[in-house]
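Chemist: I have a structure I would like to understand better, so I am pasting it below and will then ask my questions one at a time.
The values are calculated or read from the model by the stated rules, or taken from the named source; none is laboratory data. It should be emphasised that the depicted structure is a prediction, and the values quoted were computed from it without experimental measurement. When we count neighbours, we look across all protein chains shown, and the Cβ atoms used for this are built from the backbone with ideal geometry, even at glycine. Note: accessible area is taken over every heavy atom of the protein model, side chains too, but ligands, DNA and RNA are not part of it. Shrake-Rupley method; radii C 1.70, N 1.55, O 1.52, S 1.80 Å.
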Amino acid sequence: MTLNDRHIKNTSFTPSPAHTALKKAAKLIGIIAGLIVGVLLWAILKPIFRGVGWIISILTSIGIIYWITTL
């Protein structure tokens with residue numbers, strides 16, 4: 001009797017339904033956690049970047065006014 005390729009490689013493992021359900025639950029929890037972190041970073045960093053934009057605009061306008069007045 002000859003062994004087929006599956007028995008030679010010893011890879012005939014089939015995950016149990018509990019393992020499959022745990023894997024799906026872990027994936028879902030990871031996606032939800034990623035969404036929460038993304039929304040929090042967006043809510044926190046967006047106003048900061050908007051504020052930085054205002055500071056850059058104000059400094060640029062001050063620099064232009066100084067340059068025009070010192071011609």
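Chemist: So Val37 fits all but one of (1) surrounded by 10 or more Cβ atoms within 10 Å (Cβ to Cβ); (2) of a type in the set (A, V, I, L, M); (3) modelled with pLDDT under 90; what number is the exception?
Modeler: (3)
Chemist: Would you confirm whether any residue within the stretch 5-20 is in contact with a helix residue (DSSP H, G or I) (Cβ under 8 Å, 6 or more places away or on another chain) and either at pLDDT below 90 or loosely packed, with under 10 Cβ neighbours inside 10 Å (or both)?
Modeler: Scanning the stretch 5-20, I find at least one residue that is in contact with a helix residue (DSSP H, G or I) (Cβ under 8 Å, 6 or more places away or on another chain) and either at pLDDT below 90 or loosely packed, with under 10 Cβ neighbours inside 10 Å (or both), so the answer is yes.
Chemist: Something else about it: Evaluate the following for Ile32: is it open to solvent by 90 Å² or more (accessible area, probe 1.4 Å) and on the phi < 0 side of the Ramachandran plot?
Modeler: no
Chemist: Restricting the search to the stretch 40-71, which residues are modelled with pLDDT of 90 or more, open to solvent by less than 90 Å² (accessible area, probe 1.4 Å) and more than 36 Å from the chain's Cα centre (by Cα)?
Modeler: Passing the criteria: Gly63, Ile64.
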